[in-house]
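A.B. asks: Can you read through this structure? Questions will come right after.
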Amino acid sequence: MNNGSAGHEEEGGAWSGPAGAEAFAAVEAATDWLLGYPFVFEALSRRIGADDLLVDYGCGPGRVADRAARVLGARVVGVDTSAEMLALARSTAPAVAEFHLVRDGRVTGLPDGCADAVMCNHVLASLPTEEALLGVFAEVRRLLRPGAPFVVLSTDPACTEREYVSLRVGAPGASYRPGEEMPLRLLRTDGSWQEVRNHAWPVDRLPALLESARFRDVGQRRPTVEEARALAAPGLVERYPWTAERAAPPLVITSAFAA
Ligand SMILES: C[S@@+](CC[C@H](N)C(=O)[O-])C[C@H]1O[C@@H](n2cnc3c(N)ncnc32)[C@H](O)[C@@H]1O
């Protein structure tokens, strides 16, 4: 097994810099495509329609933003602190309408209240402090029109006991304090494992933080393999046994609305 490491701590935290962008673009993400992204799209599909503006906050290489644009028919805009990620996304995510850099915590070129929805997938774990989480929530709140949905996908840092198909959370059996550094290993498409330094944000802490950032009606769900049968790409449920995913689903979707 080959463990690479992409854990720079620049403005974008993990995955920043050219090496981080390339490393993230090569991850498999089967567990996310089973229990994560399709459920984010489902939550958004109930609230937005064709031509609405959806911002992908921390879009990385743009793969998810591109799929969202195709599945939802929305106008999708990707934003990220990493210029390298945005460069990669521009060349590989043609369905995405625009990309914008996040500089000093603010999305350049997007006005207040312009967004009909925002999704934020696997970004919070890059952030080292609660202040940084609140900074992201405040900027998302600035972008959203009142009443518009915000959907967050995160990996539960308590899921350290199991070996998931495409991820390993922390050290086996370890527990982490809020914000503590934690290794995350992700399966690459070549079968090797990529390690990145994450920060452990307990999922049950997110609702109070969102409410303090002027979001309301916060809800959470933990999608299961059985639920994924109706939403995941054809054949994905049958491709693996999903033993760990069935025993303890590791992904949590938090939804809220701009107050
Ligand atoms: C693990 S990647 C996830 C990419 C994409 N959302 C996905 O699910 O495939 C995290 C991304 O968040 C970006 N990021 C980290 N901190 C950020 C911040 N404060 N604001 C915006 N983007 C940020 C990183 O540059 C990186 O591209």
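The values are calculated or read from the model by the stated rules, or taken from the named source; none is laboratory data. Since this is a predicted model, take the numbers as computed values, not measurements. FYI the Cβ positions are ideal-geometry reconstructions off the backbone, even for glycines, and counts take in every protein chain you see. Please note that ligands, DNA and RNA were not included when accessible areas were found on the heavy atoms of the full protein model with its side chains. Shrake-Rupley method; radii C 1.70, N 1.55, O 1.52, S 1.80 Å.
A.B. asks: Between Asp190 and Ala83, what length comes free when the chain is fully extended (0.36 nm per residue of separation minus the Cα-Cα distance, one decimal in nm)?
C.D. replies: 36.0 nm
A.B. asks: Got the relative contact order for the chain handy, in percent, Cα pairs under 8 Å and 6 or more residues apart?
C.D. replies: 23 percent
A.B. asks: If you place +1 on the Cβ of every Lys and Arg, -1 on the Cβ of every Asp and Glu, and leave all else neutral, what size is the dipole of the chain about its Cα centre, to the nearest 20 Debye?
C.D. replies: The calculated dipole for the chain is roughly 500 debye.
A.B. asks: Based on the Cα atoms of segment 22-64, what semi-axes does the equivalent ellipsoid have, where each is the square root of 5 times one gyration tensor eigenvalue, given in whole Å with the largest first?
C.D. replies: 22, 14, 6
A.B. asks: Could you state the number of Å between the C-alpha centres of segment 225-259 and segment 176-198?
C.D. replies: 19 Å
A.B. asks: Oh, and also: If eta is 0.692 mPa s and T is 37 °C, what Stokes-Einstein diffusion coefficient results for segment 3-258, Kirkwood Rh from Cα pairs, in µm²/s?
C.D. replies: In µm²/s, the coefficient is 182.
A.B. asks: Here is a further query. Would you mind giving the average projected area, over all directions, of the Cα convex hull of segment 25-149 in nm² with one decimal?
C.D. replies: Dividing the Cα hull surface by four gives the mean projection, 7.4 nm².
A.B. asks: For Ala259 and Arg177 in one chain, what is 0.36 nm times their gap in residues minus the Cα-Cα distance, to one decimal in nm?
C.D. replies: 26.5 nm
A.B. asks: Related question: So how strong a dipole does segment 57-147 carry about its Cα centre when Lys and Arg Cβ are +1 and Asp and Glu Cβ are -1, to the nearest 20 debye?
C.D. replies: Charge dipole, segment 57-147, about its Cα centre: 320 debye, nearest 20.
A.B. asks: Ranked from highest to lowest mean number of other Cβ atoms within 10 Å per residue, what is the order of the peptides 17-24, 185-192?
C.D. replies: Taking the mean over residues of other Cβ atoms within 10 Å, the ranking is 17-24, 185-192.
A.B. asks: On to the next question. Accessible area of segment 3-258 with a 1.4 Å probe: how many percent of it is carbon plus sulfur?
C.D. replies: The computed percentage sits at 50.
A.B. asks: At 0.36 nm per residue, and after removing the present C-alpha to C-alpha distance, how many nm does the segment from Thr108 to Ser45 gain when stretched out fully?
C.D. replies: Between Thr108 and Ser45, full extension yields an extra 20.0 nm.
A.B. asks: From the C-alpha gyration tensor of segment 120-259, pull out the three semi-axes of the equivalent ellipsoid (sqrt of 5λ each), sorted largest to smallest, in whole Å.
C.D. replies: In descending order the semi-axes read 27, 19, 13 Å.
A.B. asks: How much accessible area per residue does the chain have, counting only protein heavy atoms and a probe of 1.4 Å, in square angstrom?
C.D. replies: With the other protein chains kept in place, the chain gives 42 Å² per residue.
A.B. asks: How much of the DSSP bridge set in the chain is antiparallel, in percent, rounded to the nearest 5?
C.D. replies: Antiparallel bridges: around 55 percent, rounded to the nearest 5.
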